[in-house]
Amino acid sequence: MKRRIPYAVANYEKIVRENYYFVDKTRFIHELEKYEIPVFLRPRRYDINRKDRFDELFGNTDIARNPTAARNSHLVMRFDFSRIPVEASVIEMRKRFDEECRNSFLTFLSDYRSYFGHFEHPVSHDATAMLARILQT
């Protein structure tokens, strides 16, 4: 199958499945895993919910040839701030930012509910407070 350039294609699974060109930067995962602070890795393809697809997704990458001990053990939180419109008011933008964060947090908690047991959903509408609450568990 002929390789194509993934112009405007952000979905890694599609890139692999449809044989697009891509730059393999997975060798940097070894360095990222040395940090003891939370690191939000992008892309989400390295998360624990996709561990059964590791070989399919990473078969031709550096991380497949040299997997780390922590491979597919991450809980990945995804944000898409492009959905926040630029508003005239900073207060309105902050409100939309907090709403987008809250949606991301709730999706994260739903995706990984088996790892959290019973978890009270964040009551606050402040993104900083919600993230702090999730990281405390």
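The values are calculated or read from the model by the stated rules, or taken from the named source; none is laboratory data. Quick caveat, the model's predicted, so the values are computed rather than measured. Note that we place each Cβ from the backbone using ideal geometry, even for glycine, and neighbour counts take in every protein chain shown. Ligands, DNA and RNA are stripped out before the accessible areas are found, and what is left, the full protein with its side chains, is counted by its heavy atoms. Shrake-Rupley method; radii C 1.70, N 1.55, O 1.52, S 1.80 Å.
Which members of the stretch 102-130 meet the condition of being open to solvent by 50 Å² or more (accessible area, probe 1.4 Å) and among the aliphatic types (A, V, I, L, M)?
Leu106, Val123
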- Taking Lys34 and the conditions (1) without any contact (Cβ under 8 Å) to a residue 24 or more places away in the chain; (2) in contact with an Asp or Glu (Cβ under 7 Å, 6 or more places away or on another chain), which numbered condition does it fall short on, given that it satisfies the others? (2)
- Message: Out of Arg71, Arg3, I need the residue that is surrounded by 11 or more Cβ atoms within 10 Å (Cβ to Cβ), farther than 27 Å from Val123 by Cα and modelled with pLDDT of 80 or more. Which one?
- Response: Arg71
- For the stretch 85-93, does any single residue satisfy the condition of being open to solvent by less than 70 Å² (accessible area, probe 1.4 Å) and touching a strand residue (DSSP E or B) at 6+ places or on another chain (Cβ under 6 Å)? no
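Of all residues in the stretch 36-68 being of a type in the set (Ser, Thr, Tyr) and part of a loop (DSSP other than H, G, I, E, B), which is modelled with the lowest pLDDT? Lay out the reasoning, then the answer.
From the stretch 36-68, those of a type in the set (Ser, Thr, Tyr) are 46, 61, 68; that's our starting set.
From the residues that got through so far, the ones that are part of a loop (DSSP other than H, G, I, E, B) too are 61, 68.
On the way: Thr61: 89, Thr68: 84.
Filtering first and then ranking leaves Thr68.
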- Name the residues in the stretch 1-24 that are within 20 Å of Asp80 (Cβ to Cβ) and part of a loop (DSSP other than H, G, I, E, B), would you? Pro6, Tyr7, Ala8, Val9, Ala10, Asn11
